[in-house]
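A short reminder: the numbers here are calculations on the coordinates, not readings from a lab. A quick note: this is a predicted structure, and the numbers were derived from the prediction, not measured. As a convention, Cβ positions derive from the backbone with ideal geometry for all residues, glycine included, and neighbour counts pool all protein chains shown.
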Amino acid sequence: MEITTARAAALPGGWELSVRAFRCWLVMYRRTWRSSIWSSVFGPLFYLGAMGYGLGSLVDAHGTAPLGGVPYVVFVAPAVLAVQAMNSGLSNALFPVFSAIHWNKIYIAARATMLRPADIYRGHLLFITTRIAMNSACFVVVMAAFGLIKSWWAVLLLPAAVLLGVAFAAPSAAWAVTLRAMTPMNYVFRFGSVPLMLFSGTFFPLSQLPGWLRPIAYATPLYHGAALCRSLSLGTVSAGSAAVHVGYLVAMAAVGLWWGSRTFHRRLYV
């Protein structure tokens with residue numbers, strides 16, 4: 001008993017072990033990063049070109065008053081950033097977590113070390129956060145290069161996008177680790193992220209939605225992320241609205257962290 005207690009006391013702190021788990025994911029990503037360039041970087045950029053400049057030319061021809069007097073591409077670019085952050089969070093938190101349990105069994109191997117379930121969860125979430133930040137930073141740079149940013153408040157676009165991505169990633173990973181089959185994850189994209197992308201004020205103002213549907217749209221996390229990014233990009237942000245948007249996303253991420261610490265413990269505890 002004394003030897004066991006001494007060994008437990010000698011273990012590094014929780015976050016130090018989480019960083020070790022994070023480094024494991026970094027080592028693996030060094031070997032696979034090329035395969036993620038299209039979906040992570042070029043995909044959103046082509047989407048911005050098609051929607052912002054392609055569809056945008058038709059929208060601008062009929063007036064931009066409903067958009068706040070800005071060209072459509074300026075209106076939609078921060079929303080595409082938000083959509084990209086959401087999809088980065090979901091795609092990096094669902095199938096990779098499921099894979100780490102059922103396919104490559106990275107979690108099972110990690111559990112055979114000194115890493116605890118909470119360390120494994122936090123370490124993987126740190127890596128997911130890094131991926132979200134990398135993808136979002138590339139998109140923000142492109143927005144700036146094309147002159148789609150209209151305010152110095154845009155320096156906060158990157159942390160806003162990362163917060164949105166983590167708000168989706170934390171509960172998604174917490175849920176994915178409990179799954180026994182991959183089919184439910186497909187439903188998240190088909191019946192979750194796609195409707196959110198279409199009806200959360202991303203491609204058109206929410207004022208264009210029917211009145212009964214607007215309260216539902218206002219309650220979605222993507223609306224808060226898109227509205228926050230757009231207000232920062234256009235310089236229309238206010239302290240009150242920013243506090244509501246940030247508070248919503250922080251609460252969602254915190255619930256995901258709380259939930260994940262429990263689901264990972266139940267799934268990985270031996």
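Quick notes on this one:
- GNM result for the chain, Cα springs below 10 Å: residue of GLY56, GLY165, GLY260 fluctuating most strongly: GLY56
- Alpha-carbon centroid distance for the pair the range 208-269 / the range 97-117, whole angstrom: 30
- In this calculation the C-beta distance from ALA145 to ALA243 is compared with R0 = 25 Å, giving a FRET efficiency of 0.25.
- Label-point separation in nm, TYR47 to LEU198, each point 7 Å along Cα→Cβ: 1.4
- Mean ellipticity per residue at 222 nm, deg cm²/dmol - from DSSP H runs of n ≥ 4 across the chain, formula -39500 (n - 2.57): -21500 deg cm²/dmol
- Farthest towards the positive end of the charge dipole of the range 120-270, among the residues ASN186, SER207, PHE168, is the Cα of ASN186, using unit charges on the Cβ of Lys, Arg, Asp and Glu.
- Taken as entire DSSP H runs, the helices of the chain that both span 27 Å or more between Cα atoms along their own long axis and average 1.6 or more on the Kyte-Doolittle scale are 157-176.
- Convex hull volume per residue in cubic angstrom - Cα atoms of the range 126-188: 99
- Per-pair calculated FRET efficiency, R0 = 25 Å: ARG266 and ASN104 via Cβ, rounded to 0.05: 0.75
- Shape category assigned to the range 148-225 from the gyration tensor of Cα positions, a/c cut at 1.5: oblate
- The Cα atoms of the range 176-270 give a gyration tensor whose axes a ≥ b ≥ c have a/c of 1.5 or more with a/b no greater than b/c, which makes the shape oblate.
- Cα gyration tensor category, rounded, prolate or oblate, for the range 9-64 with a/c compared to 1.5: oblate
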